[in-house]
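I have placed the structure first, in the form of structure tokens, so that the comments after it can refer back to it.
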Amino acid sequence: MSTPTYLSLILALVISISLQPAYAIPPPDVLMSLWQSALQFLGMISVVLAGAVLTVRQFFAHYLIGWKRYAALSVLIISTLGLGAWWISSTTTAVPVQAANTASSSVPAAPLPVANITTTQPSNPSLPKGEKLAIAEILKREPDEYVRNWKIQTLNEMQQEAQLARKAAQLPVLKPTLIESFTPQALQQYLNTTPASFYLLDVREEYERSQFGIKHDAIARYGDLVHDTIPTNLPRNKLIILLCHSGIRGYIAANTLVAKGYTNVAFLQGGMAAWNAAKLPVNGNANYDLQPKSLKILSPKQFKALTDKSFIIQIDTNATLVKGIKNLNQLPFETASNAMLQKLYQQAGNKPIALVCNTYGGCFHGLNLSYLLKQAGKQYIGIYDDSKQWLTRYEQ
């Protein structure tokens with residue numbers, strides 16, 4: 001076979017293999033078809049090249065005569081050498097620059113951005129550093145599967161509820177932020193060694209704090225922080241640690257502080273529940289069992305016997321309204337500010353107050369609100385669980 005034939009055969013094999021899966025052998029009919037196509041392609045290329053060569057020869061023979069021919073050849077040679085020198089210099093200088101950058105920098109490549117997450121750096125680098133983990137990753141550390149799934153679901157619900165509360169108050173949307181956090185053990189160690197670096201802000205409800213806690217510098221209701229009611233004396237030169245029960249309110253509250261310009265902010269992983277589970281020292285008794293006598297659970301019969309002389313408040317956040325109650329007053333307690341509570345107290349006047357709930361969160365916070373009502377000197381009747389799920393076993 002002639003050289004073009006060998007070349008066409010090799011080209012046909014290369015094309016056929018590239019079109020097949022890895023290590024696959026093309027069928028004979030496909031190989032023959034590709035071979036014929038390659039021969040036709042090479043033939044066409046040969047004709048084009050031959051025509052181009054003939055045209056150039058005729059051009060040089062008829063139009064470039066004498067000194068014109070030598071001038072044209074000189075320009076062609078100089079241009080070719082110049083392009084070659086430029087290409088060689090560009091390829092040889094690019095590699096050393098890249099190698100130098102790689103060798104001189106020990107900083108790893110920046111991670112891919114996370115959607116809807118912003119990061120903050122403490123303005124005081126001398127302060128202790130917590131872990132920089134997404135809240136979802138922290139919640140996954142929960143060893144109990146049921147509690148872990150509940151926390152993940154609750155986080156999503158509470159973030160939505162906080163946004164709804166801010167929207168109703170015409171406040172800016174709260175952007176999720178990557179907040180520093182400490183395990184209970186790490187925070188306890190730092191508090192023992194560098195206590196002056198920290199400012200502990202307890203965002204739990206008054207009833208929760210009355211049960212147990214640790215020494216803190218200030219208190220602020222979570223609902224107030226959601227409404228941008230920030231304590232005026234928060235320090236800028238200390239690391240503010242947000243304390244709550246499970247870690248979720250602390251994380252969201254920390255976001256509100258970051259949105260107001262505070263850069264030294266962190267929260268306690270797992271909240272005071274994790275602190276107590278780690279058997280670290282606390283003040284009081286960490287008992288969250290419902291106390292039916294103080295909560296006063298109402299049966300359906302007792303609730304239906306209420307008259308218009310009672311002031312009834314539904315305390316669920318983002319839940320369906322309880323049907324069949326005239327002049328029902330809604331108060332999303334968890335995200336309600338103190339100003340909203342005071343306004344509701346004024347509306348109730350001297351009427352005895354009854355609570356109603358139909359979600360787990362609402363029924364749980366019935367304990368917190370009933371405590372506040374008693375502290376405010378209000379006549380408290382009790383709470384009714386319209387869902388028949390959370391408080392029915394405590395009915396009187």
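The values are calculated or read from the model by the stated rules, or taken from the named source; none is laboratory data. For clarity, every value in this text was computed on a predicted model and none was experimentally measured. Cβ atoms come from the backbone with ideal geometry, glycine included; neighbour counts cover every protein chain shown. Areas reflect the complete protein model, heavy atoms only, side chains present, ligands, DNA and RNA absent. Shrake-Rupley method; radii C 1.70, N 1.55, O 1.52, S 1.80 Å.
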*Since ILE230 meets every condition but one in (1) touching a residue at least 40 places away in the same chain (Cβ under 8 Å); (2) surrounded by fewer than 20 Cβ atoms within 10 Å (Cβ to Cβ); (3) not in a helix (DSSP H, G or I), which condition does it not meet?*
(1)
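Within the stretch 328-353, which residues are small (Gly, Ala, Ser), surrounded by fewer than 22 Cβ atoms within 10 Å (Cβ to Cβ) and closer than 29 Å to ASN156 by Cα?
Once the filter is applied, which keeps residues that are small (Gly, Ala, Ser), surrounded by fewer than 22 Cβ atoms within 10 Å (Cβ to Cβ) and closer than 29 Å to ASN156 by Cα, the stretch 328-353 yields SER337, ALA339.
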_acidic (Asp, Glu) and in contact with a strand residue (DSSP E or B) (Cβ under 9 Å, 6 or more places away or on another chain): is that true of ASP228 in this structure?_
no
_Given the criterion touching a Pro at 6+ places or on another chain (Cβ under 8 Å) and either acidic (Asp, Glu) or assigned to a loop (DSSP other than H, G, I, E, B) (or both), identify the matching residue among ASP308, ASP316._
ASP316
_Output for the stretch 150-170, where each listed residue is surrounded by fewer than 16 Cβ atoms within 10 Å (Cβ to Cβ) and more than 19 Å from the chain's Cα centre (by Cα)_ = LYS167, ALA168, ALA169, GLN170
*Of residues in the stretch 246-280 being closer than 14 Å to GLU142 by Cα and open to solvent by 10 Å² or more (accessible area, probe 1.4 Å), the one nearest to the chain's Cα centre (by Cα)*: GLN269
*Number of the condition not met by LEU280 [criteria: (1) over 23 Å from GLN342 (Cβ atoms); (2) in contact with a strand residue (DSSP E or B) (Cβ under 7 Å, 6 or more places away or on another chain); (3) in contact (Cβ under 8 Å) with a residue 60 or more places away in the chain]*: (2)
*Would the stretch 182-204 turn up any residue that is out of contact with any Asp or Glu (no Cβ under 7 Å at 6 or more places or on another chain), open to solvent by 20 Å² or more (accessible area, probe 1.4 Å), of a type in the set (Ser, Thr, Tyr) and under 26 Å from GLY362 (Cβ atoms)?*
no
*Sort out which residues of the stretch 153-211 are more than 19 Å from PRO231 (Cβ to Cβ), of a type in the set (D, E, K, R) and without any contact (Cβ under 8 Å) to a residue 60 or more places away in the chain, and write them in order of number.*
LYS167
*Please go through the stretch 190-221 and pick out each residue that is over 21 Å from LYS374 (Cα atoms), in a helix (DSSP H, G or I), in contact with a Phe, Trp or Tyr (Cβ under 9 Å, 6 or more places away or on another chain) and not hydroxyl-bearing (Ser, Thr, Tyr).*
LEU191
*Residue check: is SER294 out of contact with any Pro (no Cβ under 6 Å at 6 or more places or on another chain) and either of a type in the set (Ser, Thr, Tyr) or at pLDDT below 90 (or both)?*
yes
*Name every residue in the stretch 300-326 that is at pLDDT below 90 and hydroxyl-bearing (Ser, Thr, Tyr), in order of residue number.*
THR307, THR317, THR320
